[in-house]
Amino acid sequence: MTTTLTTKNKSKTNHGKVFEKEFFNSFPSEIFVQRLKDDTMKFANVKNSYDFFAYSYPIIFLFELKTTKQKSLPFANINQYQIDTLFLHNKQSGIIAGFVINFRSHDYQTFFVPAEKVHYYYYHADRNSFPIEWIQQNGINLPATLIRTRYRFDLSPILGDCAI
């Protein structure tokens, strides 16, 4: 008797990594951008408060990226440490910090939400998620263009004159 083993498809798409790559590739070449390495094992208590930093004199941009297929982004998907740290960084002169939130199931809508708005809502809301309507009202839309199989984002609404 022959037995056939079946295994689950291990090539599932990691939507977060795809979104990060699309975001990274959307930066103009004259802007320095760096992706911080994730430490999934939290080795030696290393905690990144953001995914990317970008620099164009005289501004440093700090971005934490989140993607969801839901109509809201659950608080559980963002580390409180990230919210607090980006909020504190954003208070410093020359730093713009916030969250780039992508809604995959809603026309790939993507928004930059400043850290202070996320921080305020997180600590004062009467719910446990950021609804898409709130993000649309409080965020800056980053229009996405589909190029073959990947998206390219117009980052000029947040980079301003740095993107020229």
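Taken together, the values in this text are just the output of simple stated rules run on the coordinates, not laboratory data. This is a predicted model, so every value here is computed, not measured. We place every Cβ from the backbone using ideal geometry, glycine too, and count neighbours over all the protein chains shown.
Need one number: the % of Cα-Cα pairs in the chain sitting beyond the 25 Å mark.
Pairs farther apart than 25 Å: 34 percent.
For Cα pairs less than 8 Å apart in space and 6+ apart in sequence, what is the mean separation divided by the residue count of the stretch 15-163, i.e. the relative contact order in percent?
22 percent.
Take every DSSP beta bridge whose two residues both sit in the chain, then give the antiparallel share in percent to the nearest 5.
Values: 24 of 33 bridges.
Expressed as a percentage, antiparallel bridges in the chain total about 75.
I need the per residue convex hull volume for the stretch 52-130, using only the alpha carbons, in cubic angstrom as a whole number. Spell out each step's value before the answer.
Working: hull volume 6.4 nm³, N = 79.
Convex hull of Cα atoms, per residue: 81 Å³.
Using only Cα atoms, find the angle between the long axis of helix 80-90 and the longest principal axis of the chain, and express it within 0 to 90 degrees, rounded to the nearest 10.
Taking the Cα atoms of the chain, the angle to 80-90 is about 30 degrees.
If we count every other residue with Cβ under 12 angstrom of Lys71's Cβ, Lys/Arg +1 and Asp/Glu -1, where does the sum land?
+1
May I ask for log10 I(q)/I(0) of the stretch 89-144 at q = 0.13, 0.18 Å⁻¹, from a Debye sum over the Cα atoms as equal point scatterers with solvent left out?
The computed values of log10 I(q)/I(0) come out as -0.34, -0.62.
Taking a cut-off of 25 Å between Cα atoms, list the lysines near Lys12, but don't count ones fewer than 8 places away on the same chain.
Counting by Cα, and skipping residues close in sequence, Lys12 has these lysines nearby: Lys21, Lys37, Lys42, Lys66, Lys69, Lys71.
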